[in-house]
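What follows is a structure written as structure tokens; I'll ask about it next.
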Amino acid sequence: MINNSLVNPQSIALIGASNDITKPGGKALLNLLSTNFSGKIFPVNPKEENVQGLSCFKGISELPNVDLGIIAVAAKYVNQTVEYMATHCSTSAFIIFSAGFSEVGEEGKILENQLLEIITKYNLSLIGPNCIGVLNTNYAGVFAGPIPKLSMQGCDFVSGSGATAVFILETAIQRGLPFSSIYSVGNSVSVGVEEVLEYWDETFNPKESSKVKLIYIEQVHNPQKFLQHTSSLIQKGCRIAAIKSGTTEAGSRAVSSHTGSLAGSDTAVDALFKKAGIIRCVSRDDLITVGSILSYKELQGKNLAVITHAGGPGVLCTDALQKNGLNVPKISGAYADELLDKLFYGSSVSNPIDFLATGTSEQLGTILNYVDNYFNEIDGSIVIFGTPGLFNVTEVYNVLNEKILTCKKPIFPVLPSPIQAEEEIKYFANLGRTFFPDETPLANALAKVYFTNKPINFKGLHSTEYNLENISNLIASCPNNEFIGPKAISHLFDYIGIPQLPEFSSDRYEEILQFSKKTDSPFAMKVVGPVHKSDVGGVILNINSEKELKNAFDKIMMIEGATSVLIQPMVKGTELFIGVKKEKDFGHLIFFGLGGIFVEVLKDVSFALAPLSEFEITNLIHGIKSYPIIKGIRGSKGINEGLLVQIIKKISDLVQLVPEIYEMDINPLIATEKEIYAIDTRIKIKK
């Protein structure tokens, strides 16, 4: 819970205040004083009379009523301090800098559990412990620096790591990126990343609230809550960028040692971010680059003009844009000729627009006017302008600032001279602009922003066509924590409408022979029992005679663990794969790719988090590199993509109807231009 005492306190008690600004209690007080907090500050330190010019209280028993308590004392004193201030000082919000809780082991975990009991008992708001604090336009309740530029329209930022937050702020300050609020949640005893998102969502005001949210997270504690509030914020007009660390086994181990918690599946997190519409970043620099892009007008198309007075950076930028799926189209025609006449001899307007090292601020303004008003094929501009140090570029940056404010199309400024144009860049940032030091990371991030789909308002299962009683009875009859048999799978697929080939399973050859006489050959015969049929030689294809049928039956029944055989007619077509994996706390991940051995060999698989809309399913299908095979290539006919969408939708429905499904592979799914059949399926149930 985040309350008003945490967001906008009128009085703050700092327990552990100090004159030594190298200590958290000293630096926090300095930050409160230097940012002109308008309320009352009550420093507490038994060893001091005055702290940084303020009269000091010897202990918490001397305190009056106070809104917010900031605690910077040893962990063993924290819980008693919180409980006393809650009961005697009417304090309803706390920020705890102190380390020594769950991140240090079992003893600290006991302290942390006791702290949570106190917070819950008195309905308190708590940030921390083991955090750097809270910073917003009302007060600087942090012990770490530096303090960034603060603005109600700046970015909102929440971080699971205090040190990472500080390092991200270092980069942001250099780029001129302002902030509205910053939450370092530390161990997230009561308020974690999800609760901050919930607060931003529930208090969002389109006229006053920041529309750019940045996240650094090491563990998604509550995926459904995370998804609910991030997608809600984006639907309200916000854009969200996030780093999720712990993407490797070693990285997850590092997260665990850092926070005392597991990082969770990165595949699940990636699917969660895609579903929410979050722009996923991979580094601190990437996060700030994306955050800076989001502070500008939104790019409405993928055609960009690259405007520069230096040829090389223009080429680098163009290459990066093109490689990432954005376009730098050739500019030609009467307006292009007209613009060229206004530039110095030797300039080029074909795109990149190179107006030479001698280009002037007036010429830059003219170029941007033409891009905004006459070059209709262009959706935005990247302007790269530095200096060799021969002249001052302040006037150029003034023009750039004016055009950023007045042009309809977005303009992204690359200022690559941090040493020779240091003062001019500071001047540009002080005008309220953020900038980019390098064109290639900007191009990479710009593509990431442009191609991140926004969430759609989709609630999941709407269909009433399924017989829920039949499905429920079938699952109830299945054994727990085991792969279910082919007959049960066949019935389940019949209930939800997944097309299947005729098939029959038995441990008696006579019954297999009788089925074969009713069906056209050739046949495929598969072992029932072992999960990985191919690995044990349990798949025999192209059976065309009774002799081959008998030999195949005898061979398969000799396989260890075989309980029966399954026979079905063979069909030709494109082999596809649909997989399902239930991820703890996240729900069901649905995978799609080419089938057969290609799933393991090529690993060309896309994935998404159920439930899936048709839009998401289409993206899932188009998301594999092998999609041209599905569409049809080199004269070969494509598959029935509309039917494939409906089958994946039914699988999405199924995992909502049967949450007990833990794992599912349909491999292969044989598809032609007219029909699609599930050929080989395994399903594991965990009740």
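Please treat every number below as a calculation from the coordinates, not as lab data. The structure displayed is predicted, hence computed values, not measured ones. Glycine also receives a Cβ, built like all others from the backbone with ideal geometry; neighbour counts cover every protein chain displayed.
Rounded to the nearest angstrom and ordered from largest down, what semi-axes does the equivalent ellipsoid of the stretch 443-519 get from its C-alpha gyration tensor (root of 5λ)?
That gives 41, 20, 14 Å for the three semi-axes.
Report, to the nearest 10°, how far helix 361-373 tilts away from the longest principal axis of the Cα atoms in the chain, using its own Cα long axis and a range of 0 to 90°.
With rounding to tens, the tilt is 40 degrees.
Could you work out the helix-only [θ] at 222 nm for the chain, with each DSSP H run of four or more residues adding -39,500 (n - 2.57) and the total divided by the number of residues, to the nearest 500 deg cm²/dmol?
After summing the helix terms and dividing by residue count, I get -11500 deg cm²/dmol.
Using Cβ counts within 10 Å as a stand-in for footprinting exposure, how do 230, 203 rank, fewest first?
With the sparsest Cβ surroundings first, the list reads 203, 230.
Next question, about the same structure. What value in Å³ per residue do you get for the convex hull of the alpha-carbon atoms in the stretch 304-451?
Roughly 99 Å³ of hull volume per residue.
In Å, what Kirkwood hydrodynamic radius results for the stretch 4-126 from the alpha-carbon pair distances?
In the stretch 4-126 this quantity evaluates to 14.5 Å.
How many times 2.2 N^0.38 Å is the alpha carbon radius of gyration of the stretch 148-294?
0.96
Same structure, new question: Could you order peptides 64-76, 342-354 by the average number of other Cβ atoms within 10 Å of their residues, highest first?
Sorting 64-76, 342-354 by mean packing, highest first, produces 64-76, 342-354.
Rounded to the nearest 5, what % of the DSSP beta bridges within the stretch 4-126 are antiparallel ones?
Antiparallel: roughly 10 percent of the beta bridges in the stretch 4-126.
What order do you get for 181-188, 114-121 when each peptide is scored by the mean count of other beta carbon atoms within 10 Å, highest first?
181-188, 114-121
Oh, and also: Going by amide H atoms built from the backbone, whose H comes under 5 Å of the H on residue 154, apart from near neighbours?
Under 5 Å from the amide H of residue 154: 180.
May I ask for the angle, rounded to the nearest 10°, between helix 24-34 and the longest principal axis of the chain, with both axes built from Cα atoms and the value confined to 0 to 90°?
60 degrees
In what sequence, highest mean first, do 545-555, 666-676 appear when ranked by Cβ atoms within 10 angstrom?
Listed from highest to lowest mean packing, they are 666-676, 545-555.
Take every Cα pair under 8 Å in the stretch 1-152 that's 6+ residues apart, average their separations, divide by the length, and report that relative contact order as a whole percent.
The normalised contact order for the stretch 1-152 reaches 26 percent.
Given axes a ≥ b ≥ c from the Cα gyration tensor, I'd like to know whether the chain is rounded (a/c under 1.5), prolate (a/b larger than b/c) or oblate.
It comes out oblate by the Cα gyration axes.
Relative to the longest principal Cα axis of the chain, at what angle does helix 486-496 sit, 0 to 90 degrees, rounded to 10?
So the helix axis and the longest Cα principal axis differ by about 60 degrees.
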